[in-house]
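Report on the following structure.
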2 protein chains.
Amino acid sequence: MGKVERTPRDVRSRGTGEARILRAAERNFARYGLAGATLAQIARDAGMSTAALHYHYRDKETLYRAVLEHILRLWLDETAVIEPGNDPRRALEAYVRAKMRFARIFPDASKIFASEVLGGAQRIAPFLADVLRPLVDAKSSVITGWSRAGKLRTLDPRHLLFVIWGATEFYANFAAEIEVVAASSTQDVRFMEEAEDTVVAIVLEGVLPRR
Amino acid sequence: MGKVERTPRDVRSRGTGEARILRAAERNFARYGLAGATLAQIARDAGMSTAALHYHYRDKETLYRAVLEHILRLWLDETAVIEPGNDPRRALEAYVRAKMRFARIFPDASKIFASEVLGGAQRIAPFLADVLRPLVDAKSSVITGWSRAGKLRTLDPRHLLFVIWGATEFYANFAAEIEVVAASSTQDVRFMEEAEDTVVAIVLEGVLPRR
DNA sequence: GTCTATATTTTGATAGAC
DNA sequence: GTCTATCAAAATATAGAC
């Protein structure tokens, strides 16, 4: 036969060593938390020994921080639609839908972020202070501008953002609870479309002026 | 002097042994999670040795389940106001305010519950299935009844509940994030009153019919 | 880069005195 | 009921060969 190229042995060995480790670590940290996840299990999932894992990442803390950074890059800036020139109705609808899609597509990222904040958010404090806070301040100004122009009810824009964050991230972080009390999976497309429409409706009617 | 009565030695020794342990365990599990919390630290906080702790609770799992049960009893049924005869506006406002107060007064309970759900909710599955789900079903019927009577917009009542839960519990579980991006403490009364009013306003305007 | 084997540390849990 | 001392298990991290 012709020349042998890259030889993927099995599913777990897709991609480079670091990528496999990061994927495995993300799953495990999301499921068990930083303290609950074990390097032995992560190494197994990545298809290598713990020694090999330590070759790529000095220690558990270093690996965890690498996962966090990977996640924060995913924490895409969907707030881009919140701009002064845009129509508040369209902008907020697009933002809520983007957040809901994120919750469905990257539940592990959401859970790790939630777990880190639950534990005090010390490791992501720089991100919160240097990236998220300026973003919140900027978008708050935009929202306040909409209110002053009579396009939106008068409210503290930060709490509007918190309501949107709380509601949308709930579908990722509390999926286990939802599946029991709603008897539906957060991976079920129809169910999540209804969820999306309902959240959009409540938020829009909740903030747009009465007509 | 007169006869010596109960002799409180220091602050940590208030109450009976079990109560002191439960309080210390609640703090530690909320801060570090089940896997992250250590019995040594819990015992220290409770003012006793790990051996004494093991005398009261066989093992870590037993202690954790005791904390969970204590918390689930706290998970008061504030949904009591959601009754067919009541006015939806007053009922939903009362419910949201009760949930917000709970988030401020019992943040540790909220965090432990969140951490457990994040981890799969396996230990509280019976509670979710036997208590919370029937409650959700019953209250969903009430809300649907309000909608049919034209007192409320038409929507899936479960998603309304999820929006309320997500938004209100966000203030407890993501307090560390809020304190950085909003530069306000979730223990600050003024800040939380504004939060409460904003969440109430969005939810009410979001679900009440247009006038 | 990855392995096997092993060292080190942490932590949960027990024994036995008081 | 609580203590000191200790054990046992689990998990992190390293050594050294390949």
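Since every read-out is calculated from the coordinates, none of them should be taken as a lab result. It should be emphasised that the depicted structure is a prediction, and the values quoted were computed from it without experimental measurement. Glycine also receives a Cβ, built like all others from the backbone with ideal geometry; neighbour counts cover every protein chain displayed.
For peptide A:195-205, how many partner chain Cβ atoms fall within 10 Å of a residue's Cβ, on average? The partial results should precede the final answer.
On the way: counts 5, 1, 3, 11, 6, 0, 8, 13, 4, 3, 9.
For peptide A:195-205, the averaged partner shielding equals 6.
Distances between copies at B:L74, taken between label points 7 Å from Cα along the C-beta direction, are 3.1 nm in increasing order. Other protein chain C-beta atoms within 10 Å of residue C-beta, averaged over A:23-32: 1. Short-range pairs are left out: with C-alpha atoms under 8 Å and at least six residues apart, the relative contact order of chain B is 19 percent. Here, the range B:12-58 yields an orientationally averaged convex hull projection of 2.8 nm² when only Cα atoms define the hull.
May I ask for the net charge around A:A125, where only other residues with Cβ less than 13 Å from the Cβ of A:A125 are counted and Lys, Arg are +1 while Asp, Glu are -1? List each step's numbers first, then the result.
Values: positive: A:R65, A:R123, A:R133; negative: A:E116, A:D130, B:E177, B:E179.
With Lys, Arg at +1 and Asp, Glu at -1, the net is -1.
Considering all C-alpha pairs of the protein assembly as shown, those separated by over 31 Å amount to 45%.
Determine the calculated [θ] at 222 nm for chain A from helices alone, applying -39500 (n - 2.57) to every DSSP H run no shorter than 4 residues and normalising by the residue count; nearest 500 deg cm²/dmol.
Working: 10 runs with 139 residues, N = 211.
Result for chain A: -21000 deg cm²/dmol, rounded to the nearest 500.
For the range A:47-123, applying the loop criterion from DSSP together with a ceiling of 10 other beta carbons within 10 Å to the trypsin sites (Lys or Arg not before Pro) yields A:R58.
Restricting the calculation to Cα atoms, chain B shows an Rg/Rh of 1.06 when the hydrodynamic-style radius is the Kirkwood one. A Förster distance of 22 Å, applied to the separation of the beta-carbon atoms of A:D137 and B:R190, puts the FRET efficiency at 0.70.
Just want to confirm a number: the relative contact order over the range A:12-58, from Cα pairs under 8 angstrom separated by 6+ residues, in percent.
On the way: 38 pairs, mean separation 18.4, N = 47.
With pairs under 8 Å counted, the relative contact order is 39 percent.
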